[in-house]
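**Student:** Structure incoming, see below.
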Amino acid sequence: MRFTPNEDQAAFLSVLAQMTEAPEAGWKASPDWSRFDYSASLDRMLEDNGFFECAREPTLGLVAAASLTYQLARVPALVECAATSTLRALFAPDLPRPVAVIETDPLQAVPFLPTAKAVIRLDGDKIAVAQLEPGVVQEVSSLFAYPMGKLAAGAKLDWQTVDGDVHDARAVWSVATAAELAGCLKGGLDAVVKHVSERQQFGRPLGAFQAIQHRLAQAATKAEAAYWLALRAADRRTPADAALALGYTQEASGRVVQDLHQFMGAMGLTLEHPLHRWTYRARLLRAGLGGPTANLRAYYARKWTNA
Amino acid sequence: MDFEWSAEDRAFRARVRAFLEKELPANWPEIARHGPGSREQTEFSLEFCPKLAAAGLLMPHWPKQWGGGDRPTWEHFILGEEMWAAGEPRGAQYMNVNWIGPTLMRFGSPEQQQRYIPPMAAGTAIWCQGFSEPDAGSDLARLRTRAVRDGDDYVINGQKIWTSYAGLAHNCFLLARTGDGASGKAGIAIFLVDMKTPGIEVRSIPSLIGHGDIHETFFTDVRVPASARLGEEGQAWSIIGYSLANERVGIPRYEMASRVLDQMVQELRRRGQGDDAVIQLRAGSAAANCEAARILVYRTVEMRSRGEAVDAEASLARVAVAEAEQSVTEFGMEFLNDAFTGDDHPVFLAHHERAIVTGIAAGATEIQLGLIARRWLGLPNGAA
Ligand SMILES: Cc1cc2nc3c(=O)[nH]c(=O)nc-3n(C[C@H](O)[C@H](O)[C@H](O)COP(=O)(O)OP(=O)(O)OC[C@H]3O[C@@H](n4cnc5c(N)ncnc54)[C@H](O)[C@@H]3O)c2cc1C
């Protein structure tokens with residue numbers, strides 16, 4: 001076992017770190033107080049440098065794509081990465097991007113659809129893709145920190161089936177979702193740790209109170225386990241490992257998100273502080289692919305019944 | 001990154017399993033039911049460990065110089081998983097393998113090494129750890145047992161408590177204060193004490209975790225030669241820092257939890273309850289907690305195998321392990337209650353009995369959470 005990246009992965013991650021530390025990735029409030037800040041320039045930097053194709057590179061692989069998704073989820077700015085760097089890279093590399101993913105109900109609102117150029121469907125027994133022509137998507141005003149939209153009722157899309165097993169694709173998408181959720185938890189945790197280290201009440205930093213330390217330490221334990229389970233699932237690419245990583249992270253995320261908001265106080269409820277950028281992605285991702293109950297039951301089925 | 005066992009690791013695990021299969025008697029679950037500190041299990045270990053040693057499976061990771069095989073850290077860990085999951089047939093001797101032996105190799109005098117390491121390597125030495133005292137638990141630096149220099153000797157007076165295995169131990173790895181009462185961490189030394197020395201009295205404490213496991217150990221005018229001191233006066237704290245870093249993730253408790261959970265699910269499936277959605281959810285969740293604990297523990301082992309120092313990573317792992325064990329116990333108690341109220345599932349009972357320890361021994365969960373907060377998250381120092 002080796003928990004450290006190989007040489008190519010290390011180089012990939014170090015260039016990525018420069019990009020995620022650049023001002024494009026950082027916090028700025030949206031001029032219209034929208035809940036997300038799509039960074040077209042960060043997106044372009046990543047695309048131009050081939051980052052989104054890493055899953056197809058033998059020495060980088062799905063582990064690199066999961067790491068990429070995780071690291072981008074840690075920054076306040078938004079880029080469509082999870083679907084592009086996993087499903088598109090592995091199953092439909094010629095599809096235009098950004099892409100949106102339909103997991104279950106083709107009429108439900110999903111992230112990125114209003115800005116996506118293509119959509120991938122995993123709800124049937126085949127992997128289906130379609131390009132999005134103007135007018136087929138209806139934007140939805142949403143609680144969550146993504147551009148959200150749904151397919152307009154009666155919209156005609158030109159669905160094409162692509163090669164690949166839909167169970168494998170769902171496993172890959174579970175890995176991507178787990179990695180993105182783990183990254184959101186870590187991004188939010190880092191922001192709250194910074195806040196409670198600086199904010200003083202009762203003559204000392206909030207972070208010196210043991211009640212807060214212990215709950216943040218518990219959150220850190222879960223976030224760390226989630227990160228490694230996501231990477232292991234990416235390395236193994238089995239439905240069991242994918243369901244485990246996603247189910248564990250979703251189950252853990254409820255309490256973690258609640259605590260992150262708790263310790264940020266009223267400031268965490270504003271759109272002037274970035275906390276919501278992580279927590280209002282996490283709250284949606286917690287329900288992804290059926291949510292913790294469905295994914296933990298899927299893990300049970302894979303582990304104990306070979307289903 | 002690579003999260004799979006190597007072919008070599010797998011072959012080693014198969015060897016350990018084959019050995020256990022062959023050497024554990026049919027009534028082993030009954031013996032193991034009473035815990036690693038019980039008389040039954042300790043006596044068993046004195047027969048079992050020499051066989052392990054002869055097969056090269058007692059301390060494969062130790063240096064050749066001390067009878068080991070210079071094998072990778074991972075083999076030590078695979079061995080620990082298989083032994084603990086089997087109910088720990090090494091009894092108390094896992095401590096020698098995990099940390100007392102390595103501590104003596106690093107800090108012992110040549111005489112101490114010659115005297116104590118060969119019996120450990122032969123599988124015939126039982127040690128106990130005399131750290132905790134009635135007024136010094138989590139706050140170990142407050143310990144009061146005194147060792148006063150008298151010519152070429154030290155005279156030791158004081159009381160230890162919760163001392164596992166003390167009833168049958170040959171030797172004690174003892175912490176005592178050589179400085180004055182206010183000397184704190186800087187005034188403590190380690191003594192390697194023969195448990196037959198006059199003045200030592202051991203009383204077993206009746207407990208929830210198996211008979212003969214924990215004890216009170218009294219020291220009244222116990223005279224030991226100065227050569228029994230390990231390291232210098234005042235050096236104890238840095239030495240045990242090294243020792244306990246090895247101990248904190250020393251017991252692979254998630255492995256037993258995960259195997260017990262597997263047996264619980266098999267039993268429920270036999271009973272035709274495998275399709276119950278609630279059981280599937282709760283079992284999936286408990287299994288996920290076991291895997292979370294496992295991967296955090298593996299991360300620390302992997303760091304150690306690369307020679308990297310393990311710090312708060314060990315605390316993260318321990319917090320997750322305590323949670324995993326608890327969720328497996330709760331699962332069993334809820335869905336297989338009759339297996340816990342009766343006595344035909346000794347393995348379930350043994351798990352139930354042991355799981356209560358994890359959040360307390362070797363540094364309570366709150367102590368681990370404090371370490372994570374300050375050393376992992378970098379939060380400011382609070383009250384304790
Ligand atoms: C099965 C078992 C075997 C053991 N074997 C040995 C042995 O062989 N040798 C040996 O020396 N010792 C042994 N111990 C003792 C063990 O090291 C101590 O139990 C442990 O250090 C905790 O000390 P305590 O029990 O005195 O609890 P205390 O220190 O009294 O603490 C009680 C509880 O208070 C909380 N707490 C304590 N400090 C803090 C804090 N700063 N902040 C917040 N909460 C806190 C924790 O929840 C803790 O569990 C054993 C213990 C057990 C359970």
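The values are calculated or read from the model by the stated rules, or taken from the named source; none is laboratory data. In this text, all values refer to a predicted model and were calculated from it rather than measured experimentally. So basically every Cβ, Gly included, is an ideal-geometry build from the backbone, and we count neighbours across all protein chains shown. Side chains included, ligands, DNA and RNA excluded: accessible areas come from the protein's heavy atoms. Shrake-Rupley method; radii C 1.70, N 1.55, O 1.52, S 1.80 Å.
**Student:** Evaluate peptide B:257-268: per residue, the Cβ atoms of other protein chains within 10 Å of its Cβ; return the mean as an integer. Don't jump to the answer; show the numbers that get you there.
**Tutor:** Details: counts 0, 0, 0, 0, 2, 2, 0, 0, 4, 1, 0, 1.
Averaged over the peptide's residues, the number is 1.
**Student:** Report, as a whole number in µm² per second, the diffusion coefficient that Stokes-Einstein gives for chain B at 37 °C and 0.692 mPa s using the Kirkwood radius over alpha carbon pairs.
**Tutor:** Result for D is 150 µm²/s.
**Student:** Here's a follow-up. For a Förster distance of 35 Å, can you work out the FRET efficiency between the beta-carbons of B:Thr341 and B:Asp9, rounded to the nearest 0.05?
**Tutor:** Using R0 = 35 Å, I get an efficiency of 0.35.
**Student:** Something else: Could you work out how much longer the chain between B:Ala26 and B:Arg39 gets when fully extended? Use 0.36 nm per residue separation minus the Cα distance between them, nm to one decimal.
**Tutor:** My answer for the length gained is 2.8 nm.
**Student:** Taking θ = phi - 60°, what integer Hz values does the Karplus form 6.51 cos²θ - 1.76 cosθ + 1.60 yield along region A:72-89, in sequence order, with x for Gly and Pro?
**Tutor:** In residue order, the calculated couplings are 6, 5, 7, 9, x, 6, 10, 9, 7, 10, 3, 6, 4, 7, 10, 5, 5, 4 Hz.
**Student:** Summarise the accessible area of region A:166-306 (1.4 Å probe, protein heavy atoms) by the percent that is carbon and sulfur.
**Tutor:** With neighbouring chains kept in place, the figure for region A:166-306 is 50 percent.
**Student:** Would the protein assembly as shown count as rounded, prolate or oblate if I go by the C-alpha gyration tensor, calling it rounded below 1.5 in a/c and otherwise prolate when a/b exceeds b/c, oblate otherwise?
**Tutor:** prolate
**Student:** On to the next question. Give the A-B buried accessible area in Å², both sides summed, 1.4 Å probe, nearest 100.
**Tutor:** Approximately 4400 Å², summed over both chains.
**Student:** Compute the relative contact order of chain B as a whole-number percentage, counting only Cα pairs closer than 8 Å that sit 6 or more residues apart in sequence.
**Tutor:** It rounds to 15 percent for chain B.
**Student:** Also, quick follow-up: In nm, what is the difference between 0.36 nm times the number of residues separating A:Glu21 and A:Ala155 and their Cα-Cα distance?
**Tutor:** Residue separation times 0.36 nm, minus the Cα-Cα distance, leaves 44.2 nm.
**Student:** Given the peptides B:120-131, B:325-336, arrange them by the average over their residues of other C-beta atoms within 10 Å, most packed first.
**Tutor:** Listed from highest to lowest mean packing, they are B:120-131, B:325-336.
**Student:** So what is Rg over Rh here for region B:129-234, counting just Cα atoms and using Kirkwood for Rh?
**Tutor:** Here Rg/Rh amounts to 0.96.
**Student:** Each label point is 7 Å from the Cα along the Cα-to-Cβ direction; what then is the distance between the points at B:Met333 and A:His167, in nm?
**Tutor:** According to this spin-label approximation, the distance is 3.7 nm.
**Student:** Given the C-alpha centroids of region B:277-323 and region A:234-291, what is the distance between them in whole angstrom?
**Tutor:** Cα centroid of region B:277-323 versus Cα centroid of region A:234-291: 19 Å apart.
**Student:** Rounded to the nearest 500 deg cm²/dmol, what is the calculated helix-only ellipticity per residue at 222 nm for chain A, with -39500 (n - 2.57) per DSSP H run of length n ≥ 4?
**Tutor:** -16500 deg cm²/dmol, from helical runs alone.
**Student:** GNM, chain A, Cα, under 10 Å: largest mean-square fluctuation among A:Val172, A:Val101, A:Val196?
**Tutor:** Greatest mean-square fluctuation among the candidates belongs to A:Val196.
**Student:** Going highest first, how would you order B:102-112, B:168-178 by mean Cβ packing within 10 Å?
**Tutor:** B:168-178, B:102-112
**Student:** Just the C-alpha atoms of region A:166-306: what Rg/Rh do they give, with Rh taken as the Kirkwood radius?
**Tutor:** Rg/Rh: 1.05.
**Student:** Which value, in debye to the nearest 20, gives the size of the charge dipole of the protein assembly as shown about its Cα centre, when Lys and Arg are +1 and Asp and Glu are -1 at the Cβ?
**Tutor:** 580
**Student:** Averaged across B:298-306, how many Cβ atoms of other chains sit within 10 Å of each residue's Cβ atom? Please report the intermediate quantities before stating the final value.
**Tutor:** Details: counts 4, 6, 1, 2, 4, 2, 0, 3, 3.
The shielding value for this peptide is 3.
**Student:** Which order do B:Lys22, A:Lys156 take by accessible area at a 1.4 Å probe, largest first?
**Tutor:** Most to least solvent-accessible, the answer reads A:Lys156, B:Lys22.
**Student:** When a/c reaches 1.5 or more, the comparison of a/b and b/c decides; with that in mind, is region B:91-178 rounded, prolate or oblate per its Cα gyration tensor? Don't skip to the end; give the middle numbers.
**Tutor:** Working: a/c = 2.02, a/b = 1.32, b/c = 1.53.
Judged from the Cα gyration tensor, region B:91-178 comes out oblate (a/c at least 1.5, b/c at or above a/b).
**Student:** Another one. Computed over the Cα atoms of region A:200-271, what is the ratio Rg over Rh, Rh following Kirkwood?
**Tutor:** That ratio equals 1.13.
**Student:** Efficiency by 1/(1 + (r/R0)^6): what FRET value for B:Thr197 and B:Arg306, r their Cβ-Cβ distance, R0 = 30 Å, to the nearest 0.05?
**Tutor:** With R0 = 30 Å, the Cβ-Cβ based efficiency is 0.10.
**Student:** So what's the Cα pair-distance distribution over chain A, bin width 20 Å, in %?
**Tutor:** Computed distribution, short to long bins: 34, 59, 7, 0.
**Student:** Extending each Cα 7 Å along its Cβ direction at A:Gln108 and A:Gln138, get the distance between those two points in nm, one decimal.
**Tutor:** Going by the 7 Å Cα→Cβ label model, 1.7 nm.
**Student:** With just the Cα atoms defining each centre, how far is region A:125-144 from region B:326-368? Give it in Å.
**Tutor:** One Cα centre to the other: 49 Å.
**Student:** Return the single residue from A:Trp33, A:Trp173, A:Trp278 with maximal mean-square fluctuation; model: Gaussian network over chain A, springs between Cα atoms under 10 Å.
**Tutor:** Its mean-square fluctuation being the largest, the pick is A:Trp33.
**Student:** Compute the accessible area per residue over chain B, keeping the other protein chains in place, probe 1.4 Å, unit Å².
**Tutor:** Accessible surface, normalised per residue, equals 40 Å².
**Student:** What dipole magnitude, in Debye to the nearest 20, does region A:166-306 give about its Cα centre under +1 on Lys/Arg Cβ and -1 on Asp/Glu Cβ?
**Tutor:** Dipole magnitude for region A:166-306 comes out near 220 debye.
**Student:** Just to be sure I understand: if I project the alpha-carbon convex hull of region B:1-119 onto a plane and average over all orientations, what area do I get in nm²?
**Tutor:** With every direction weighted equally, the projected area is 8.2 nm².
**Student:** How do B:Arg299, A:Arg283, B:Arg304, B:Arg282 stack up against each other in accessible area, from largest to smallest, with a 1.4 angstrom probe?
**Tutor:** Ranking B:Arg299, A:Arg283, B:Arg304, B:Arg282 by accessible area, largest first, yields A:Arg283, B:Arg282, B:Arg304, B:Arg299.
**Student:** Compute the accessible area per residue over region A:166-306, keeping the other protein chains in place, probe 1.4 Å, unit Å².
**Tutor:** Normalised by residue count, the accessible surface of region A:166-306 is 34 Å².
**Student:** Calculate, in nm to one decimal, what B:Tyr242 and B:Ala182 gain on full extension: separation in residues at 0.36 nm each, minus their alpha carbon distance.
**Tutor:** Fully extending the segment from B:Tyr242 to B:Ala182 adds 19.2 nm.
**Student:** To the nearest 10 square angstrom, what accessible area does A:Asp37 show with a 1.4 Å probe?
**Tutor:** 20
**Student:** List the relative contact order of chain A as a percent without decimals, with contacts defined as Cα pairs under 8 Å and 6+ residues apart. Can you show the working numbers first?
**Tutor:** Working: 537 pairs, mean separation 52.9, N = 307.
With pairs under 8 Å counted, the relative contact order is 17 percent.
**Student:** According to the square roots a ≥ b ≥ c of the eigenvalues of the Cα gyration tensor, what is the shape class of region B:252-375, taking rounded for a/c under 1.5, prolate for a/b larger than b/c otherwise, and oblate for the remainder?
**Tutor:** prolate
**Student:** Say we join alpha carbon atoms closer than 10 Å with springs in a Gaussian network model of chain A; which of A:Ala294, A:Ala77, A:Ala116 then has the biggest fluctuation?
**Tutor:** Result for chain A, Cα springs under 10 Å: A:Ala294 fluctuates most.
**Student:** Given a Förster distance of 25 Å, report the FRET efficiency between A:Asp48 and A:Asn6 from their Cβ-Cβ distance, rounded to the nearest 0.05.
**Tutor:** The value I calculate is 0.55.
**Student:** Here's something else I'd like to know. Using a 7 Å offset from the Cα along the Cα-to-Cβ direction at both B:Ile356 and B:Glu111, what is the distance between the two label points in nm, to one decimal?
**Tutor:** Between B:Ile356 and B:Glu111, the label points sit 4.5 nm apart.
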